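Here the structure is laid out as structure tokens; the discussion comes afterwards.
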Amino acid sequence: MSHSTTRTTAALGEAAHDPVPAIAGIPAAPIAAERARPAAGPFAPVAWARANLFNGWLSTAVTLALIYFIARWAIGFFDWAVLHAVWSVPQTDAGPDPSACRDAKGVGACWAMIGDKYRFILFGRYAYEEQWRPAIVIALFIGLYAISAMRRFWRKELLLIWIVALTAIGVLMWGGVGGLAFVPQDSWGGLPITLILSTFGLAFAFPLAVVVALGRRSTELPAVRMLCVLYVELIRGVPLITLLFMASVMFPLFMPEGFNPDKLLRAQVAIILFAGAYLAEVVRGGLQALPKGQYEAADALGLSYWKKTGLIILPQALRLVIPPLVNTFIGFFKDTSLVLIIGIFDLLLAGKVAITDPVWQAYSTELYLVLAVVYFAFCYVMSRYSRGLEQEFRRTARR
């Protein structure tokens, strides 16, 4: 056996024992090498803090200063909101006696105001003895959101669940059947109004946005494209308050005599049109970001326009725009509070009316903190869910 053959055999033997073989000096199995790397130790947070918060004297100084100011604010807030707070006040024949709150003014919060007015804040002018009905409506909305967020329920039956639940919500809010007293829409208010406006607004605006986005990209129907462009640019060129005023004041002037839809319905239509225009631009961005090869591949399969759009184009485009879509959803959920301008008793207006009571006029800070927590809870859940959904789709695409 020649010397060259011996060296080749020896090299092959070393490669067989090498856990990560190399070709021309480059590892052939980087994934295996990555897996073989030892996991981070129990002090990984300390290492992260050292690398990101205390990396140099300037970074350390800024971090310590921020820690000092945040800790000082947190201690002060805890002292005001918990330690020196007034949680209840004595009741008299004339109503609550806020003397304890006045004594703690500037030192502690007066949460007794929330305890006295929470039912009006949540349910507005809804009949007091019937407020169990809007309470069930709030629970139904939250249940619908929870079920719709679970992917195992993403089937045709989910549409039936929504129809049944929304029918039950309408029966509970209006009444007039099954022994329930009739309650007109003018008496609705509080959190149910906010959930109704946001849920129906986004539920109807999203399909409208998809149709408008597809119409705006149409090359075979220029008239449809121009109509969609006109709609989007016109709606996006005016603030939502303008549309709400037009729906509340000007719309009835153009209707036949005797035909005057409810103010809540008119506000709902204005929100749908406004949200549809903004969502249409988000969807159009996803359609334009999709590689042209996806369109060509669908055409090569001989699919019709609607099958190509529904099975290939739209699912991929919507995955690309999950963050801006949810950002728009969150924005419009908060924008529903603008209906207070036209006198609809949403959550924010109910709170503003609650503190007009002379007894509690001095404690608006506590009210707005509670309202901020309610809005933050809904928006934060939407944000976290979208982040999880985005990561799940990303993992699925990598497989």
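The values are calculated or read from the model by the stated rules, or taken from the named source; none is laboratory data. Quick caveat: nothing in here was measured; it's all calculated off a predicted structure. For neighbour counting, all protein chains shown are included, and Cβ atoms are generated from backbone atoms with ideal geometry for every residue, glycine included.
General remarks:
- Scanning region 105-144 for residues that are of a type in the set (Gly, Ala, Ser) and assigned by TED's automatic domain parsing to the domain that holds Asp346 yields Gly124, Ala127, Ala135, Ala139, Gly143.
- Residue in region 53-83 that is modelled with the lowest pLDDT, counting only those that are loosely packed, with under 13 Cβ neighbours inside 10 Å and either among the charged types (D, E, K, R) or closer than 17 Å to Gly115 by Cβ (or both): Val82
- Residue selected from region 108-117 under the condition surrounded by 15 or more Cβ atoms within 10 Å (Cβ to Cβ) and without any contact (Cβ under 8 Å) to a residue 60 or more places away in the chain, by the criterion farthest from the chain's Cα centre (by Cα): Gly108
- Residues being modelled with pLDDT under 85, part of a helix (DSSP H, G or I) and of a type in the set (Ser, Thr, Tyr) - total across region 84-124: 1
- In region 154-168, the residues that are surrounded by 13 or more Cβ atoms within 10 Å (Cβ to Cβ) reach residues that are in a helix (DSSP H, G or I) and polar (S, T, N, Q) with C-beta atoms within less than 9 angstrom, at least six apart or across chains, in these pairs: Leu158/Ser148; Ile161/Ser148; Trp162/Ser148; Leu166/Thr199.
- Among residues of region 180-198 that are surrounded by fewer than 19 Cβ atoms within 10 Å (Cβ to Cβ), those with a beta-carbon under 9 Å from a residue that is of a type in the set (A, V, I, L, M) at least six positions away or on a different chain give the pairs Leu180/Val171; Leu180/Leu172; Ala181/Ala127; Gln185/Met173; Gln185/Leu264; Gln185/Leu265; Asp186/Leu264; Ser187/Ala127.
- Scanning region 118-135 for residues that are exposed (fewer than 15 other Cβ atoms within 10 Å of the Cβ) and in contact (Cβ under 8 Å) with a residue 24 or more places away in the chain turns up just one, Ala127.
- For region 325-363, a tally of residues being over 19 Å from Phe376 (Cβ atoms), of a type in the set (Gly, Ala, Ser) and surrounded by 20 or more Cβ atoms within 10 Å (Cβ to Cβ) returns 1.
- Among the residues making up region 125-152, those that are under 20 Å from Pro184 (Cα atoms), in a helix (DSSP H, G or I) and over 18 Å from the mean Cα position of the chain (by Cα) are Tyr128, Glu129, Glu130, Trp132, Arg133, Pro134, Ala135, Ile136, Val137.
- Taking the listed residues Leu367, Leu338, the one that is touching a residue at least 60 places away in the same chain (Cβ under 8 Å) and under 30 Å from Val107 (Cα atoms) is Leu367, with no other qualifying.
- Scanning region 213-224 for residues that are of a type outside the set (Val, Ile, Thr), under 14 Å from Gln288 (Cβ atoms) and without any contact (Cβ under 8 Å) to a residue 12 or more places away in the chain yields one hit, Ser218.
- Which listed residue, of Gly276, Gly293, Gly285, is within 20 Å of the chain's Cα centre (by Cα), over 18 Å from Val339 (Cβ atoms) and not hydrophobic (A, V, I, L, M, F, W, C): Gly285
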